[in-house]
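The values are calculated or read from the model by the stated rules, or taken from the named source; none is laboratory data. Since this is a predicted model, take the numbers as computed values, not measurements. Every residue, glycine among them, receives a Cβ derived from its backbone with ideal geometry; neighbour counts consider all protein chains shown. We work out accessible area using only protein heavy atoms, side chains counted, and drop any ligands, DNA or RNA first. Shrake-Rupley method; radii C 1.70, N 1.55, O 1.52, S 1.80 Å.
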Amino acid sequence: MMSGMVEAARRPARVWLVANPASGSTDAGQVAAVRAQLGAAGADILGETRFSDEDLPLAAALEAGAIDTLIIFGGDGTINAVVAAVGDWAGQCLVLPGGTMNKLALALHGETARETILGRIATARLVRLPAADAGGHRALVGIILGPAAAWVHAREGVRKRRFWRAVRAAQVALARSFGGGISVDGRAGHQRTAVVPPDPESLEVAMIDAAGVGDAMRIGWSWLSGDWRGSQLVEAGRAAEVTLAGRRRVRALFDGEPAMLAGPVTVRHSMTSLHFVATAGAA
């Protein structure tokens, strides 16, 4: 997922912390522990945002405060929202795993504890990340398009331990999974789901079909568990750009966050301007 090295990371001195206490394993105690470790390392937290109760910082606010490091403590959806808000800000961004889905943190740091990540910044590197852009939205982990994207509401019910709501949402998602399809423009046949994750050179375009109710359930629950391939047969290819056709409006998830797009949808490969701290391999 990561690009090549840009430059060495800098030890944080002037920090803005964005945390989502409602995201996965993150809570007030965990956020306080991050503050304490930053303080012990000599970093000053000059700004703090509780997402999603408070507005996210914009690049202008980070520049006005001479912030050198933006720390995002949350899951992939939280990271997606913050990156969209700060745009082309020139500082460094440190991602700490703290959500239901932490695929981006895993790519940047490996299976590493939060405390260890913070301790390795001085020997880390800065990287730019590949992205998938479509309809004014951007994904750093991947886009799911098509009727099966409706499973996001079931996932939220599970995450919030509202299991009856998750069951009801799963029933709606199941019905929508057979309410149309999506296809690669110019190719015959429709599938229920397209999954488009970016890598440093291109997009992977995976078309997943559902031949019946059992397949649809496996697709949905495999995605909820974090493995979008699951046990399904996947037809995959690579491209710098792909156009997907469906109905006039296409249901989509960008890093797990829902959106409705006007069809057909063109997905393009790009790279972030923002630099991310990567500690994988750092001592």
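Calculate the spin-label point distance for R238 paired with D44, positioning each point 7 Å from the Cα along the beta-carbon direction, and give it in nanometres.
My value for the distance between the label points is 4.7 nm.
Which loop-located GluC sites (Glu not before Pro) does the range 54-132 contain, where loop means any DSSP state but H, G, I, E or B and the Cβ has at most 12 other Cβ atoms within 10 Å?
Loop-located and lightly packed - E54, E111.
How large is the accessible surface of D55 in square angstrom, using a 1.4 angstrom probe and rounding to the nearest 10?
140
Amide H neighbours of R14 under 5 Å, counting only residues 5+ apart in sequence or on other chains, H built in-plane at 1.01 Å?
D44, D68, T69
Can you list the HN-Hα couplings for the range 65-81, worked out from phi with the Karplus curve (6.51, -1.76, 1.60; θ = phi - 60°), rounded to whole Hz and with x for Gly and Pro?
With the stated coefficients, the range 65-81 comes to x, 6, 6, 9, 9, 9, 9, 10, 10, x, x, 4, x, 5, 4, 4, 5 Hz.
Provide the solvent-accessible area of S52, counting protein heavy atoms only and rolling a 1.4 Å probe, rounded to the nearest 10 Å².
Around 80 Å² of this residue is reachable by solvent.
Taking the Cβ of L56 as the centre, find all other residues whose Cβ is under 14 Å away and add up their charges (Lys, Arg: +1; Asp, Glu: -1).
Once positives and negatives cancel, what remains is -4.
If you place +1 on the Cβ of every Lys and Arg, -1 on the Cβ of every Asp and Glu, and leave all else neutral, what size is the dipole of the range 11-61 about its Cα centre, to the nearest 20 Debye?
Roughly 260 debye for the range 11-61.
Largest first, what is the accessible-area ranking of D44, D53, D68 with a 1.4 Å probe?
Order by accessible area, largest first: D53, D44, D68.
Step through the residues of the range 115-127 one at a time and calculate ³J(HN,Hα) from phi using the Karplus curve (6.51 cos²θ - 1.76 cosθ + 1.60, θ = phi - 60°), rounding each to whole Hz and writing x for Gly and Pro.
Here the 3J(HN,Hα) series is 4, 5, 4, 4, x, 9, 4, 4, 10, 8, 10, 9, 9 Hz.
Which value, in Å² and to the nearest 10, is the accessible area of L96 when all protein chains are kept and the probe is 1.4 Å?
Near enough 0 Å² of accessible area.
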